[in-house]
Amino acid sequence: MKFPYYKLLILLFPFLVLTSCKNDDTEEIVTDPHAENLKPLGTSAEDILSNDTYTSLTVEFAYSNEYRPLQETIDNFRDFLNARLNKPGGITFVETVIITPLESNYTISEIKELEAEKRTKYTSGNNIALFIFFANANFQNDTNSSVTLGTAYLNTSIVIFEKTLREISDTQGIDLFILEASTLQHEFGHILALVNLLNDDIHQVHEDPLHEHHCVVEECLMYFESTSTRSLLKSRSIPELDPLCIADLQAKGGI
Ligand SMILES: [Zn+2]
Ligand SMILES: [Zn+2]
């Protein structure tokens, strides 16, 4: 066994993203036809939750052939979206099988490059698009004591380290569906700006002072350790959003 996995962390990179955006060539961003999908994490929460600007949503699942998430995970995510998003025009799922290089690990920069090359659905008209890549490799910053399961790295972009999830499922005896669905929903929560990612949540008091942008409620999906092996082995179920997190989403147009 390569990793002891005593404690798994979901890492979040809002400041990394903001910093890298600062260094970007502004001209390039302004003229980029995909500019709507290159914004900082959390900034499209209202657009995704409400039907004010976008009445429908397209979710693109991208994966190399052998790394497709379980059908159960995809169906569960659809139910999760339908329960929270106000999209009268509907939610469409698209699957894109991509040829990925045989990497042993990825940096976020490499994930962004891959997205720029392989993503097929972008926000346009009254449809907002989300890109979720199920990676065939681990995250480069993983260590012996802490690994990253997934990261939301832009306003409509998530990477799930599917290879890592399968390794954990195999070695730790955690149901792959529970692990996939929990990780996916947790990262999507950050796309929806939880917790207090834009400093405008109505219930700021539930933001964990020790783990920023996570929830203090231990049973909540947005608790910083909600997808740790210890927590999932104990509950053997997908953590749900607590009422305060749901209220934050509803304040931004969710249902
Ligand atoms: Zn998190
Ligand atoms: Zn919460």
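Hey, can you tell me all the residues within the stretch 221-237 that are within 16 Å of V147 (Cβ to Cβ) and more than 9 Å from ligand 1 (Cβ to nearest atom)?
Across the stretch 221-237, the qualifying residues are E225, S228, T229, R230, S231, L232, L233.
Condition test on G253, is it at pLDDT below 95 and open to solvent by 10 Å² or more (accessible area, probe 1.4 Å)? So G253 does not fit the description; no. Restricting the stretch 13-60 to residues that are in contact with a strand residue (DSSP E or B) (Cβ under 7 Å, 6 or more places away or on another chain) and modelled with pLDDT under 95 leaves a set whose member that is farthest from ligand 2 (Cβ to nearest atom) is V17.
Could you check, for the stretch 155-174, whether at least one of its residues is among the hydrophobic types (A, V, I, L, M, F, W, C), part of a helix (DSSP H, G or I), more than 26 Å from N37 (Cα to Cα) and more than 14 Å from ligand 2 (Cβ to nearest atom)? The answer is yes, given that some residue of the stretch 155-174 is among the hydrophobic types (A, V, I, L, M, F, W, C), part of a helix (DSSP H, G or I), more than 26 Å from N37 (Cα to Cα) and more than 14 Å from ligand 2 (Cβ to nearest atom).
The set of residues in the stretch 192-210 being under 24 Å from S157 (Cα atoms) and more than 12 Å from ligand 2 (Cβ to nearest atom) consists of A193, L197, L198, N199, D200.
The residues listed here are L184, L194, L210, L232; of these, the one that is part of a loop (DSSP other than H, G, I, E, B) and open to solvent by less than 20 Å² (accessible area, probe 1.4 Å) is L194. For N136, the stated conditions hold: it is touching a Leu at 6+ places or on another chain (Cβ under 9 Å), outside any helix (DSSP H, G or I) and either at pLDDT 95 or above or open to solvent by 10 Å² or more (accessible area, probe 1.4 Å) (or both).
For (1) among the aromatic types (F, W, Y); (2) in a helix (DSSP H, G or I); (3) at pLDDT below 95, each residue gets a yes or a no:
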residue: A62; (1), (2), (3): no, no, no
residue: E66; (1), (2), (3): no, yes, yes
residue: I74; (1), (2), (3): no, yes, no
residue: F80; (1), (2), (3): yes, yes, no
residue: N86; (1), (2), (3): no, no, no
residue: T100; (1), (2), (3): no, no, yes
residue: A129; (1), (2), (3): no, no, no
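The values are calculated or read from the model by the stated rules, or taken from the named source; none is laboratory data. In this text the structure is predicted, and so the values were computed from the model without any measurement. Cβ sites come from the backbone with ideal geometry, for glycine too, and all protein chains shown count toward neighbours. Only protein heavy atoms, including side chains, enter the accessible area calculation; ligands, DNA and RNA are left aside. Shrake-Rupley method; radii C 1.70, N 1.55, O 1.52, S 1.80 Å.
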